[in-house]
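Peer 1: My questions all concern the structure below.
The values are calculated or read from the model by the stated rules, or taken from the named source; none is laboratory data. These figures come from a predicted structure and were not determined experimentally. Every residue, glycine as well, gets a Cβ built from its backbone with ideal geometry; the counts of neighbours run over all protein chains shown. Surface accessibility is based on the protein's heavy atoms, side chains included, excluding ligands, DNA and RNA. Shrake-Rupley method; radii C 1.70, N 1.55, O 1.52, S 1.80 Å.
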Amino acid sequence: MEHMTAGRIAGACRGKILTGDPGTPVDHISLNSNEMKGNDLFVPLIGEKTDAHRYLLQAFEHGAAAAFTSEHSRAPEGAPGVWIQVDDTKKALQELGRYCRSRLTLPVIGVTGSVGKTTTREMVASALSAGRKVFKTPGNYNSQVGVPVTLSEIRRDHEVAVVELGMSEAGEMTVIAQIACPDIAVITNIGVAHIGQLGSQENICQEKLSIQDGLKQGGTLILNGDDPWLKDRKAREGCHTLYYGTGQHCDYRAVDIRITEGYPAFTAVCRGVSVPVKLKVMGIHQVGNALAALAAADLCGVSPEAAAEALGTFEGYRGRQQRFEKDGIVFIDDTYNASPVSMNGAVDILSSLEPSGRRIAVLADMKELGEEELRFHREVGEHLGGSRVNLLLTFGELAKAIQEGALNRRPDLETLHFQDKAELEQYLLTQLKKGDAVLLKGSNSMKLGEVAQHVCQHHH
């Protein structure tokens, strides 16, 4: 936050300063009492298990300049820094996010979708970097509390911002979209992630489309024209619609798609201009992500040629289909998260490789899939059973259904199930051989990323 003071923050949030100097400069927002960048506003959020108000004094000890509080009508005796009384710390944070957004004059691109939004965010930022100074969402700050923090970090020397918008419950997208107020909104696809909370794909689709509740008048909605839930949707009145994909109706279209050792190359036809694109990220689904990036860059005045060249240098995001080699073994670390669509896509990448040894899939539970979770896991297994995978290792209670589905389709598939992470690690450390290609994928909470890291560090 540039040129921001505690007094201005209090005014933006309709808060009251209980103690401290209103002229105190505030540069950053922190949600963690232990982590301060300098001149921070600490926002104590009240969660299901913890009320962060108990860490107020600790936050000042770690360098906070100011803090919100909804639990004090008077500051404690001798309280350090500036204390700002608000009715609700979370809502005050969101008000502050709206205020930060209102001060910005640069275009904001909002990215959402069931699968691939973080990779698409990174690719959009990469494409834009060919001609603009870009700000992008740091890490996973894409929620009702993350988006305000994200907006507060945008500086005046940035020329465009790429903001990821995530949701897990009904009504959440409207809240964050109205904070971010994007000029351009990208929806990557409609899957079944969070179907446990939202009930159906139709509900998920409607929730994602409500990104338009914050889309600026005259703004542009960029949709995946290959997604059955999105290909016939239109932006709300007063806004424009653009489509990307492989169909003839798409404004940004991929033709002549080729996959070599998992890496895609294609020709992008961008509103009539043909541009060759060669990617350093794996999987055919990356073609769509790249097209979305080319579309956003084009709308911001970056030429398709320059954007395509920049995309050719993008090497992915940690835990998302990161490929590396150790001792002659190829590892694909796709452990950041998992849904049925992304799991099938990862299996297809592994299947497309031509290793001298085995293709080994290490698959763990997919979370937040609701009542149909076992069916979704079985279907992933059946998909794998029709692939060229040689060995399937499953980890976790739900992942047993992946094993069942795979054996149902291919009874002679070699497969092992693990309930213990240490046992899985030990198996990989002792049984992998030179020439093998290994995919690791599961929901983040399954901590397969730790397995990938440990095996790669200690295998010899």
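Peer 1: Return the residues of segment 365-410 that are out of contact with any Gly (no Cβ under 9 Å at 6 or more places or on another chain) and part of a loop (DSSP other than H, G, I, E, B); say none if nothing qualifies.
Peer 2: G386, S387, R388, V389, E397, L398
Peer 1: So, one more: Take residues that are of a type outside the set (S, T, Y) and over 17 Å from V145 (Cα atoms) and tell me which of the strands (runs of 3 or more DSSP E) falling wholly in segment 25-79 contain 3 or more. Write out each step before concluding.
Peer 2: Details: elements: 28-30, 40-42, 64-69.
Here the list reads 64-69.
Peer 1: Tally up the residues in segment 21-56 that are touching a Gly at 6+ places or on another chain (Cβ under 7 Å) and at pLDDT below 95, please.
Peer 2: Residues meeting the conditions: 2.
Peer 1: Give the residues of segment 315-343 that are open to solvent by 40 Å² or more (accessible area, probe 1.4 Å), under 25 Å from A290 (Cβ atoms) and acidic (D, E), sorted by residue number.
Peer 2: Across segment 315-343, the qualifying residues are E315, E325.
Peer 1: Next question, about the same structure. List the number of the failed condition for L439; all other conditions in (1) without any contact (Cβ under 8 Å) to a residue 24 or more places away in the chain; (2) buried (at least 24 other Cβ atoms within 10 Å of the Cβ) hold.
Peer 2: (1)
Peer 1: Moving to a separate point now. Mind telling me which of the residues A306, A310, A292, A346 ends up being touching a Leu at 6+ places or on another chain (Cβ under 7 Å) and either assigned to a helix (DSSP H, G or I) or open to solvent by 20 Å² or more (accessible area, probe 1.4 Å) (or both)?
Peer 2: It is A346.
Peer 1: Check every one of the strands (runs of 3 or more DSSP E) wholly within segment 210-260 and list those with 3 or more residues that are touching a residue at least 12 places away in the same chain (Cβ under 8 Å), open to solvent by 20 Å² or more (accessible area, probe 1.4 Å) and of a type in the set (A, V, I, L, M).
Peer 2: On the way: elements: 220-224, 240-245, 252-260.
Output list reads 252-260.
Peer 1: Please go through segment 359-377 and give me each residue that is under 26 Å from L432 (Cα atoms) and either surrounded by fewer than 22 Cβ atoms within 10 Å (Cβ to Cβ) or touching a Pro at 6+ places or on another chain (Cβ under 9 Å) (or both), ordered by number.
Peer 2: Hits for segment 359-377 are M366, H377.
Peer 1: Quick check on segment 415-423. Is at least one of its residues in a helix (DSSP H, G or I), free of Cβ contacts under 8 Å to residues at least 12 places away in the same chain and of a type in the set (A, V, I, L, M)?
Peer 2: yes
Peer 1: Tell me, which residue of segment 23-39 that is under 12 Å from S152 (Cβ atoms) and within 25 Å of the chain's Cα centre (by Cα) is most open to solvent (accessible area, probe 1.4 Å)?
Peer 2: Within segment 23-39, the match that is most open to solvent (accessible area, probe 1.4 Å) is K37.
Peer 1: Please tell me if L45 is open to solvent by less than 50 Å² (accessible area, probe 1.4 Å), hydrophobic (A, V, I, L, M, F, W, C) and farther than 17 Å from M4 by Cβ.
Peer 2: yes
Peer 1: Going by what's in this entry, would E354 be described as on the phi > 0 side of the Ramachandran plot and assigned to a loop (DSSP other than H, G, I, E, B)? Spell out how you get there, then give the answer.
Peer 2: Values: on the phi > 0 side of the Ramachandran plot: no; assigned to a loop (DSSP other than H, G, I, E, B): yes.
Here the answer is no, as E354 does not meet what is asked.
Peer 1: Taking the stated definitions as given, is L198 aliphatic (A, V, I, L, M), more than 17 Å from R121 (Cβ to Cβ) and either open to solvent by less than 20 Å² (accessible area, probe 1.4 Å) or touching an Asp or Glu at 6+ places or on another chain (Cβ under 7 Å) (or both)?
Peer 2: So L198 passes the test.
Peer 1: Okay, next question. Looking at I187 and the list (1) in contact with an Asp or Glu (Cβ under 9 Å, 6 or more places away or on another chain); (2) open to solvent by less than 40 Å² (accessible area, probe 1.4 Å); (3) at pLDDT below 95; (4) hydrophobic (A, V, I, L, M, F, W, C), which single condition is not satisfied?
Peer 2: Failed condition: (3).
Peer 1: In addition: Residue by residue through segment 382-397, note down the ones that are farther than 13 Å from K441 by Cβ and either open to solvent by less than 40 Å² (accessible area, probe 1.4 Å) or in contact with a Phe, Trp or Tyr (Cβ under 9 Å, 6 or more places away or on another chain) (or both).
Peer 2: G385, S387, L391, listed by residue number.
Peer 1: State all residues of segment 3-13 that are open to solvent by 50 Å² or more (accessible area, probe 1.4 Å) and either at pLDDT 95 or above or hydrophobic (A, V, I, L, M, F, W, C) (or both); if no residue qualifies, say none.
Peer 2: Passing the criteria: R8, G11.
Peer 1: What residue, among those in segment 137-181 that are farther than 25 Å from A127 by Cα and among the hydroxyl-bearing types (S, T, Y), is modelled with the highest pLDDT?
Peer 2: The qualifying residue modelled with the highest pLDDT is T174.
Peer 1: Confirm whether L279 is more than 28 Å from P411 (Cα to Cα), crowded, with 19+ Cβ neighbours inside 10 Å and touching a Pro at 6+ places or on another chain (Cβ under 7 Å).
Peer 2: Yes, satisfied.
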